[in-house]
Structure formats: structure tokens, C-alpha cells
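Below is one structure, written out as C-alpha cells, with a few remarks after it.
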Amino acid sequence: MNVRGPRSSRRWWWFAVVLAAFALAGMESRPERLGPANPAADAVRTVGQPVQAALSRTGGAVAGAWQFVTQLFDRGRENARLRQQVAQGQAQTEQVAEYQAEVARLRALLGLREAVTRQAVSARVVAKGPSPWFQTLTVNAGRRDRVVPGAAVLGPGGLIGQVFQVSYASCQVLCLTDRLGSVGARVQPERARQVVGVAKGDGGDLLTLVYHNAGPAVQMGDAVVTSGREQGSRFPPGLLVGHVVGIVRRPDESSLTLTLRPAAEPDRAEEVLILLPAPEDAS
Amino acid sequence: MSRGLPAVVLLVLVAALLQSTWVGRIQVVGEWPDLVLVLVILVALQGGHEAGAAAGVAGGLAMGWLTGVGGLAFLLTRGAVGLAAAELRLHWHRENLVVQVVAVLCGTVACELLFAALNPSVIAVPGWAWRVATRALLNVPLVPLVSVVVSRLPLTTESLGA
């Protein structure tokens, strides 16, 4: 019996297969290099997307039951947190009504047109990245829906991430919480509005934003939104990124590190909104 | 090419699809098992180097495509683990469940260590070591089920060259 003695032709066959596999794997673009998917990946994803969608739908019930069981233990704490959020939400709603009235008055005063809202495509999350070391999602909108690499992706609550690869019928989304995910962001409340930086993921559940200056009055719970300031950014300003849950000041006051809890949890997203480029970006 | 290899590749692709849709949703303490890796290891134990390499290459490519990033690292780690597990087959009794469990535990840790060597920034992910250990343990319950499926593949006789 010969266990590992392949003949010469077989060896060449294997060499060709491995070489082809390396070529195909090497063609996989990195998230920092936005672009279309390589042709092989494009074909596989286009064929596989309906299967993934079907599996995802049927798997939803199983996953829902599993989540129910696992979350039973967290229900008490979650209820308390939700009650607190509702109370905060009610207070904020009253404030928002005030602001809306103020904005309407100012717009009328300045004669501004209604802000042009970007077109968006709604899509369903059909799969999540199979590896825990990359936080990516596959959603069922692609080139056919005019999705472009770099487009901002919103989930329930706020910004989830960015499209980094587009196939014909699907696209890959890099979540903000991935260790390669980042977005230009600033603190929303007026008192700390000058705190601008890059909110980065670390592969866990949280984001970090470092502000290289003496820290103004940032408070726990402050909202952080996209700044829309980076060169060539496809993120419009004002999208909710998350809330401040940790503040660390360097003793010499030279920098401020904020820990943010993302507004949208990629794991729980079933549907997302992909912002299409503004007309001036597309042209 | 062995008769069972297309079946192995197909099975690995199905496993990768299941991994990205079902398995990834069934989380325990925030982690989930790696069905593809378990399959690669058990196929290699049952079928030898050719089957292990085929499963590893197919699994690595599928993981890379479904993730959209890290294709080469997935390919190298899964391929290497497939070949290493096939090597074990020569020394250990491959149908022994304990051997299979040990192979999956060691294979998972080895795979994650190799992956971290290729992507050092992974180690900075909060709780990396804990997550690797948890994943290795979560892979264990899959072993009996996957083993039954793999034992039905037409691999062993041909790969042994009988």
C-alpha cells in the first residue's frame, strides 16, 4: 500500500490546483482597498446568494429560539436598561420636537431648500462572516441595485459599517466593530462638538475614538456621529455611530480616549439600508 | 483524482454556507463553532493527505469568499491543518472518537495560532486566547455528527491506495 506516493502526473495536478487556489485567494481584495469582487468570488457569491438567503430565512427560526434560551438569563438586566432608555427617549423626544420647530424657523429664515436626502437601498442580511476574526456581513444588494464600494450601511439604531466588495447580486459589508473598521466621527452635543477623530473597531463589541487635545466636557452617554470630514468620504455627516461608555484622559491632558458602544449591533441586524452615492459623488 | 474528492469539496462548500447562515447564529458566550474546520480535520483523518488537502483548500477558499477578506490566510491555515490531521491518521486509530475529539481540539488551536501568525493584529482582539479556547471546546459537540457524515464518504479505500 502506498499512502503518500502520488505519481508525477498526479503531483503536477495537485500543484496546479494549489497554485490556482492561491491565485484565487490572493485576488481577494482587502477591505482597505475598496472594489469589485474578483470574478471567481463574484460567481460563487452570485450563485450562492439565493441559497444563503433561503438558509438564512429558515435558520432565523432556529436562531431565534436559541437566542431566546440564551437571553433568558439576561432579561432582568436588559429590562432595567430598556426602562432607562425609554425614560431617556421620552425626554429626548420633547427636545427633538423643539429642535424641529427651530430648524423649520431657521430654514424659512435663510430660504434654504429642504435638505436633499440620499437615495438608499434596503437589503436583507443573508449571512455573517463565518470567521470570528473578521466582522463582515453579506447582504442581498449588489451592482444590480447600484451599490458601490465604500457606501455607508445603516442598521437599526445607526451606522453598521461600509460596503467593501460588490458582486452582482450581493455585497460584503465591513462592520465598524471589525479591527479594520473605522469612520471619521465627532461628539454630537454642542459643548464637546470640537472632539473629532476616527472611531475604530477592535474586533470586539466596542469602538475607540482618540482625540489628541485637551478634552472638553465630554460626558458618558454622549452621542457620537459621523463627521463626514475625511477625504473622499461616502459617509454623510450626522449618522449616529454610538454612545460614549468610557472616558480616559491622559494625566498630562494631551489626549482623550473615548470608548463607544455602537448604536447598531451587527449581530442582530436582519435588514440594512445602504446609502447610494450622492449625485455629485457619482458623477 | 479519487472518486470521493468532488463529494468532499461539495460537502465543504455546503458546510461553509451553513457556517455563514446557521452555525454563526448559534452563539454560546458570544462564540460559535467552526463547522468547516471540524469537517476538514475529520475528512483528513478518514481520507488521508489528498482528501485532507482538498477539504482544506476548498474550506479555505470558501471561508475567504464568504468573509470577503483574508482569503490567503484561510487557505493556508485550513490546508495546513488538513495535511497535519492526515499525518495523524497514519499513527492513530482514526475511527476512535477520542482521537477525533483530540484532533479537533488540537487542530482548532493550531489553526487559530497559525492564523494569528499570519494576521498578528488578531491577537489584539479583546479576549483572543479565551475566544480560541472557547471555539475549540464548542467544536467538540460537532465531532460525532460530522464523523457520521464523513464516514459515509467514499474515501478510505481509495486514499489508502488499496
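The values are calculated or read from the model by the stated rules, or taken from the named source; none is laboratory data. Keep in mind it's a predicted model, so treat the numbers as computed, not measured. Ideal geometry is used to build each Cβ from the backbone, glycine not excepted, and the neighbour counts take in all protein chains shown.
Side notes on the structure shown:
- Identity of the residue in the range A:132-144, in a loop (DSSP other than H, G, I, E, B) and modelled with pLDDT of 90 or more, that ends up surrounded by the fewest Cβ atoms within 10 Å (Cβ to Cβ): A:Asn140
- Subset of the range A:155-168 [crowded, with 21+ Cβ neighbours inside 10 Å and away from chain B (no Cβ under 11 Å)]: A:Gly155, A:Leu159, A:Ile160, A:Gly161, A:Gln162
- Positions within the range B:30-81 being β-branched (Val, Ile, Thr) and modelled with pLDDT of 90 or more, in sequence order: B:Val36, B:Val38, B:Val40, B:Ile41, B:Val43, B:Val57, B:Thr77, B:Val81
- Of the residues B:Leu88, B:Leu113, the single one that is without any contact (Cβ under 8 Å) to a residue 40 or more places away in the chain and farther than 20 Å from B:Val14 by Cβ is B:Leu113.
- Odd one out for A:Asp252 among (1) modelled with pLDDT of 90 or more; (2) out of contact with any Gly (no Cβ under 9 Å at 6 or more places or on another chain); (3) over 25 Å from A:Arg146 (Cα atoms): (1)
- The residues in the range A:211-222 that are at pLDDT 90 or above and either crowded, with 17+ Cβ neighbours inside 10 Å or within 26 Å of A:Trp133 (Cβ to Cβ) (or both) can be counted, and the count is 1.
- Filter pass, A:Gln135 being more than 12 Å from the chain's Cα centre (by Cα) and either within 14 Å of chain B (Cβ to nearest Cβ) or on the phi < 0 side of the Ramachandran plot (or both): no
Let's see how each residue does on (1) surrounded by 11 or more Cβ atoms within 10 Å (Cβ to Cβ); (2) modelled with pLDDT under 80; (3) touching a helix residue (DSSP H, G or I) at 6+ places or on another chain (Cβ under 6 Å):
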site: A:Leu55; (1), (2), (3): yes, no, yes
site: A:Trp66; (1), (2), (3): yes, yes, no
site: A:Val69; (1), (2), (3): no, yes, no
site: A:Glu94; (1), (2), (3): no, yes, no
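- For B:Arg3: the one exception among (1) part of a helix (DSSP H, G or I); (2) more than 8 Å from chain A (Cβ to nearest Cβ); (3) not acidic (Asp, Glu): (1)
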